[in-house]
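*Asks:* Right, I'll just put the structure down here and ask away after.
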2 protein chains.
Amino acid sequence: MPRFALKVEYHGAPFAGWQRQKDQPSVQGAIEDALARLEPGPHTIAAAGRTDTGVHGLGQVAHCDMAKAWDPFRLSEALNYHLKPAPVAIVDCAQLDDDWHARFSAIERQYLFRILIRRAPATHDAGQVWQLSHDLDVAAMQEAADHLVGQHDFTTFRSSICQAASPLKTLDELRVERVQGFSGPEIHFHVRARSFLHNQVRSFVGTLERVGAGAWDPVDVKDALEACDRAACGPVCPGHGLYLARVGYPQDPFAS
Amino acid sequence: MPRFALKVEYHGAPFAGWQRQKDQPSVQGAIEDALARLEPGPHTIAAAGRTDTGVHGLGQVAHCDMAKAWDPFRLSEALNYHLKPAPVAIVDCAQLDDDWHARFSAIERQYLFRILIRRAPATHDAGQVWQLSHDLDVAAMQEAADHLVGQHDFTTFRSSICQAASPLKTLDELRVERVQGFSGPEIHFHVRARSFLHNQVRSFVGTLERVGAGAWDPVDVKDALEACDRAACGPVCPGHGLYLARVGYPQDPFAS
């Protein structure tokens with residue numbers, strides 16, 4: 001059966017996360033239902049990252065196996081037709097060897113987290129940013145973030161329901177920047193690693209926000225990391241500012 | 001009665017335009033209803049520009065008259081509280097002399113129109129851009145747009161239901177640029193004049209798109225303008241890519 005990689009973009013708001021659920025809408029379910037309109041199912045697709053409720057996809061990657069040798073462009077067009085009006089789009093599609101796996105072949109995940117700084121409620125960006133009415137000190141947050149980069153035991157920044165075998169991970173990048181967004185000033189966090197623990201990015205951002213607000217010193221984040229204790233983490237921030245931005249593979253599956 | 005200027009931002013999708021309607025939701029109606037929660041009504045507010053169905057506000061300006069001498073910041077906070085969950089936000093508020101008028105004191109209106117160029121359906125920007133799957137020639141559109149700048153009879157670019165006394169207007173700016181948006185390449189049109197005819201911006205953009213796509217030559221837009229004939233206009237583009245971006249006054253009402 002020909003295997004296809006799908007680059008998937010989605011708005012997280014209407015979904016209880018990526019993973020198919022029995023009684024709740026999911027991104028995986030929406031795509032599998034669209035696949036069933038093309039070829040009789042059941043279809044089960046695998047994704048590089050299983051995003052939580054409200055979390056968005058920009059460059060999520062999944063794969064599916066089809067009976068027919070679809071032209072990749074036609075497959076993405078047909079899926080997009082059947083996905084409407086759900087806010088899910090197949091933005092790229094490629095045929096790959098059948099030992100290629102969206103999750104297990106991935107060697108890097110990159111997340112973006114957006115904070116919008118303004119008092120008045122967001123209108124165009126509602127549900128797409130974590131909105132705060134106080135400004136944040138970017139330099140202090142970057143100083144704190146630098147303590148997190150590298151190989152560490154990230155027990156402090158790991159959800160209690162995380163199923164990873166080990167809390168040891170290598171964080172390759174945590175870059176904080178201020179950008180001018182469509183609705184006001186935004187703080188963006190760019191976070192990159194081979195893989196992440198459950199809630200790791202939201203635990204980072206929630207903790208760094210405390211530093212940016214002046215409630216924590218940058219060095220407090222180093223102490224929290226070294227405590228290897230979930231209780232030492234700052235508040236976990238909401239999911240609706242989080243985007244799975246990019247998944248890296250040894251070779252770009254979509255390079256034509 | 002103290003008069004207050006309100007800078008209003010809104011997502012146009014859930015509204016049948018700015019103006020209060022009997023049986024349909026409107027931005028004006030949403031704000032007047034919120035005002036009635038603060039002081040007994042009826043309230044009637046005036047706005048600088050009466051945007052159509054689906055058209056967005058970024059810097060719309062309206063004014064209201066209140067019985068109490070509200071602190072402007074508290075007034076905007078109270079309105080935002082009662083406006084929830086409608087995608088309407090008061091982003092600035094100031095008290096002004098009672099002969100100041102949001103519409104009649106305005107000396108300039110600036111609109112933004114966004115086209116998103118990509119094949120896959122928009123997810124995060126759905127309803128906030130006009131999406132096209134073909135690319136557009138920005139230089140050709142700018143050349144065509146330059147024919148429209150200045151004082152002209154804009155009968156060609158005026159809706160048949162336009163109520164303006166004269167088709168003579170002075171267009172101060174029509175600038176076309178390519179920008180990298182959140183979801184892909186975008187074409188932005190920045191359009192500025194003292195005032196506009198009904199559907200003028202959407203008639204401009206719909207016609208310029210024909211130039212950008214190569215179906216019209218830039219000089220065809222000059223001919224269409226000089227024809228002073230509605231039938232010479234290109235297609236009127238959809239409203240959901242249009243934003244009332246800024247309203248100019250002799251003195252900035254929100255300069256604190």
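The values are calculated or read from the model by the stated rules, or taken from the named source; none is laboratory data. No experiment lies behind these values; they were computed from the predicted model shown. For neighbour counting, all protein chains shown are included, and Cβ atoms are generated from backbone atoms with ideal geometry for every residue, glycine included. In case anyone asks, the SASA skips ligands and DNA or RNA and just uses the protein heavy atoms, side chains included. Shrake-Rupley method; radii C 1.70, N 1.55, O 1.52, S 1.80 Å.
*Asks:* For a protection proxy built on the mean count of beta-carbon atoms within 10 angstrom, sort A:116-129, B:2-15, A:89-102 highest first, please.
*Replies:* Highest to lowest by the protection proxy: B:2-15, A:116-129, A:89-102.
*Asks:* Points 7 angstrom from Cα along the Cβ direction at residue B:24 and residue B:151: gap in nanometres?
*Replies:* Here the modelled spin labels are 3.6 nm apart.
*Asks:* Quick one: dipole size for the protein assembly as shown, taken about the Cα centre, charges +1 on Lys/Arg Cβ and -1 on Asp/Glu Cβ, in debye to the nearest 20. All intermediate terms of the calculation are to be shown ahead of the outcome.
*Replies:* Values: 50 positive and 62 negative charges, 190 e Å.
Value, rounded to 20: 920 debye.
*Asks:* Could you check how much of the accessible area of the protein assembly as shown is carbon and sulfur, as a whole percent, using a 1.4 Å probe?
*Replies:* 48
*Asks:* Pull out a ≥ b ≥ c, the square roots of the eigenvalues of the alpha-carbon gyration tensor of the protein assembly as shown, then state rounded if a/c is under 1.5, prolate if not and a/b is larger than b/c, and oblate in the remaining case.
*Replies:* In terms of gyration-tensor shape, oblate.
*Asks:* Using amide H atoms built 1.01 Å from N in the peptide plane, name the residues 5+ places from residue B:228, or on other chains, whose amide H lies under 5 Å from its own.
*Replies:* When sequence neighbours closer than 5 places are left aside, the close amide H contacts are B:156.
*Asks:* Further question: In the neighborhood of residue A:106, defined by Cβ-to-Cβ distances under 11 Å, what is the net charge if each Lys or Arg adds +1 and each Asp or Glu adds -1?
*Replies:* Local net charge: +3.
*Asks:* Shifting gears a bit: If R0 is 25 Å, what FRET efficiency do you get for residue B:36 and residue B:98 from their C-beta distance, rounded to 0.05?
*Replies:* 0.75
*Asks:* For region B:154-256, just say rounded, prolate or oblate: build the C-alpha gyration tensor, square-root its eigenvalues into a ≥ b ≥ c, call rounded for a/c under 1.5, and beyond that prolate if a/b exceeds b/c, oblate if not.
*Replies:* Numbers: a/c = 2.04, a/b = 1.14, b/c = 1.80.
The shape class here is oblate.
*Asks:* For helix A:200-212, report the angle its Cα long axis makes with the longest principal axis of the Cα atoms of chain A; keep it between 0 and 90° and round to the nearest 10°.
*Replies:* 30
*Asks:* Just counting partner chain Cβ atoms within 10 Å, what average do the residues of peptide B:81-91 show around their Cβ?
*Replies:* 3
*Asks:* Oh, and also: Across the residues of A:52-60, average count of Cβ atoms on other protein chains within 10 Å?
*Replies:* Average per residue, whole number: 1.
*Asks:* Determine the total buried accessible area between chain B and chain A, counting protein heavy atoms only with a 1.4 Å probe; round to the nearest 100 Å².
*Replies:* Chain pair B/A: roughly 2000 Å² of buried accessible area.
*Asks:* Moving to a separate point now. List the residues of region B:81-102 whose backbone N lies under 18 Å from a point placed 7 Å from the Cα of residue B:194 along the Cα-to-Cβ direction.
*Replies:* Those under the cut-off are B:101-102.
*Asks:* Let me ask something else about it. Rounded to the nearest 500, what is the 222 nm mean residue ellipticity of the protein assembly as shown from helices alone, with -39500 (n - 2.57) per DSSP H run of 4+ residues and division by all residues?
*Replies:* -6500 deg cm²/dmol, from helical runs alone.
*Asks:* Using a 1.4 Å probe, what is the accessible area per residue for chain A, in Å²?
*Replies:* Per residue, chain A has an accessible area of 44 Å².
*Asks:* Which entries of B:7/B:68; A:22/A:84; A:7/B:7; A:22/A:222 show an alpha-carbon separation above 29 angstrom in the structure shown?
*Replies:* The answer is A:7/B:7; A:22/A:222.
*Asks:* Next question. So, with +1 on the Cβ of K and R and -1 on the Cβ of D and E, and no other charges, what is the size of the charge dipole of region B:108-246 about its Cα centre, to the nearest 20 debye?
*Replies:* 540
*Asks:* Over all residues in B:125-134, what is the mean tally of Cβ atoms on other chains that come within 10 Å of each residue's Cβ?
*Replies:* For this peptide, the per-residue mean of nearby foreign Cβ atoms is 1.
*Asks:* Still on this structure: According to the square roots a ≥ b ≥ c of the eigenvalues of the Cα gyration tensor, what is the shape class of chain B, taking rounded for a/c under 1.5, prolate for a/b larger than b/c otherwise, and oblate for the remainder?
*Replies:* Because a/c hits 1.5 or more and a/b exceeds b/c, chain B counts as prolate.
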